[in-house]
Amino acid sequence: MYIVEKGNNRFRNIQGVTILNQIFKIEDLRPIRSGMTVSRDSKLGITNKVTYFSMGDDTSISQESYDRMTMYIGAAGCGEFIIGENQSTVPMEPGQVLIVPSKTLCGMQTSTGMVYTEIILEKENIMNKNIKANEVFALKDLISYEESSIANMDVVSNPTMKYVLMAFDAGTGLTPHRAPGNAIVFALEGKATIGYEGKDYELNAGECFHFEKNGLHSVTANEKFKMALLLVLE
């Protein structure tokens, strides 16, 4: 077992499984290496495969297709996804998402470097009707703030996974509770305080937080705050 301290991040590795109990950035977990493409299994799920990718400057990944729907979430840097047999290009930046249908060719290329999360979903999924496949969309623009309220919207879900957007008006929050699976919060806009097992952590846009299954946690918006939640129920 080893423990690595890096700023506000605390990475624990037990028998090859990285456990994140504090604030982190995906680009810190899987840094960009010049001229290299590197992938790292998140160990979050089995049925829904979640992998962190980093692509160095002037690198590419050849087109391939999966038999299942795939979701890509931009974390750092920028690049292009190459979709379909006609090889149409779709730009990707941090905070943006691309959903690719099953059996659709998809490749990637970047000139400056890019970090993203790939989620290969179950075969049967429910996708929000406002979202179109093969088109990039900015997560924070999909959901609006509601006065003195918390709004949420499912992006895509299946029996063992849920990816949800949430918008908190300033001062609103979720009381302490436990989730039935591993979860990662992606902060999209604003600032919030995460309570986790008796400790408070300040979470800012561009940062992530990992909750272990049944970990007691809460969310309080210090100002208007938007986040995405990946909950893996397996």
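Residues of segment 40-65 being closer than 25 Å to Ala183 by Cα, open to solvent by 60 Å² or more (accessible area, probe 1.4 Å) and in contact (Cβ under 8 Å) with a residue 24 or more places away in the chain, which ones? Matches in segment 40-65: Lys43, Ile46, Lys49. Any residue that is under 22 Å from Val232 (Cβ atoms) and modelled with pLDDT under 95 - is there at least one of those in segment 97-107? No - not one qualifying residue is present in segment 97-107.
Taken across segment 23-31, residues that are modelled with pLDDT under 95, assigned to a strand (DSSP E or B) and in contact with a helix residue (DSSP H, G or I) (Cβ under 7 Å, 6 or more places away or on another chain) do not occur at all.
Yes/no per residue for (1) of a type in the set (A, V, I, L, M); (2) crowded, with 19+ Cβ neighbours inside 10 Å; (3) assigned to a strand (DSSP E or B):
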{"site": "Ala151", "(1), (2), (3)": "yes, no, yes"}
{"site": "Asp154", "(1), (2), (3)": "no, no, yes"}
{"site": "Leu188", "(1), (2), (3)": "yes, yes, yes"}
{"site": "Thr193", "(1), (2), (3)": "no, no, yes"}
{"site": "Gly206", "(1), (2), (3)": "no, no, no"}
{"site": "Met227", "(1), (2), (3)": "yes, yes, yes"}
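Can you report the number of residues in segment 216-234 which are touching a residue at least 60 places away in the same chain (Cβ under 8 Å) and over 19 Å from Gly171 (Cβ atoms)? Residues flagged as touching a residue at least 60 places away in the same chain (Cβ under 8 Å) and over 19 Å from Gly171 (Cβ atoms) within segment 216-234 amount to 7.
A quick yes/no check of all residues on (1) assigned to a loop (DSSP other than H, G, I, E, B); (2) crowded, with 18+ Cβ neighbours inside 10 Å:
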| site | (1), (2) |
| --- | --- |
| Lys129 | yes, no |
| Ala133 | yes, no |
| Ser144 | yes, no |
| Lys162 | no, yes |
| Gly171 | yes, no |
| His177 | no, no |
| Pro180 | yes, no |
| Asp200 | no, no |
| Ser218 | no, no |
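So which of Thr112, Thr70, Thr37 is touching an Asp or Glu at 6+ places or on another chain (Cβ under 8 Å), in contact (Cβ under 8 Å) with a residue 12 or more places away in the chain, β-branched (Val, Ile, Thr) and crowded, with 16+ Cβ neighbours inside 10 Å?
Values: Thr112 fails: crowded, with 16+ Cβ neighbours inside 10 Å; Thr37 fails: touching an Asp or Glu at 6+ places or on another chain (Cβ under 8 Å).
Step by step, each of Thr112, Thr70, Thr37 is checked, and only Thr70 is touching an Asp or Glu at 6+ places or on another chain (Cβ under 8 Å), in contact (Cβ under 8 Å) with a residue 12 or more places away in the chain, β-branched (Val, Ile, Thr) and crowded, with 16+ Cβ neighbours inside 10 Å.
The number of residues in segment 76-109 that are open to solvent by 30 Å² or more (accessible area, probe 1.4 Å) and among the hydrophobic types (A, V, I, L, M, F, W, C) comes to 2. Between Gly95, Gly107, the distinction of being closer than 27 Å to Arg30 by Cα and within 17 Å of the chain's Cα centre (by Cα) belongs to Gly95 only.
Lys140 satisfies every condition listed in (1) under 16 Å from the mean Cα position of the chain (by Cα); (2) in a strand (DSSP E or B) except (2).
The rows are residues; the columns are (1) under 18 Å from Ala228 (Cα atoms); (2) at pLDDT 95 or above.
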| site | (1), (2) |
| --- | --- |
| Gly56 | no, yes |
| Tyr66 | no, yes |
| Gly84 | no, yes |
| Pro94 | yes, yes |
| Val115 | yes, yes |
| Ile131 | yes, no |
| Asn134 | no, no |
| Asn152 | yes, yes |
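The values are calculated or read from the model by the stated rules, or taken from the named source; none is laboratory data. All values reported here derive from a predicted model rather than from experimental measurement. Here the Cβ is made from the backbone with ideal geometry for all residues, glycine too, and neighbour counts use every protein chain on show. Note: accessible area is taken over every heavy atom of the protein model, side chains too, but ligands, DNA and RNA are not part of it. Shrake-Rupley method; radii C 1.70, N 1.55, O 1.52, S 1.80 Å.
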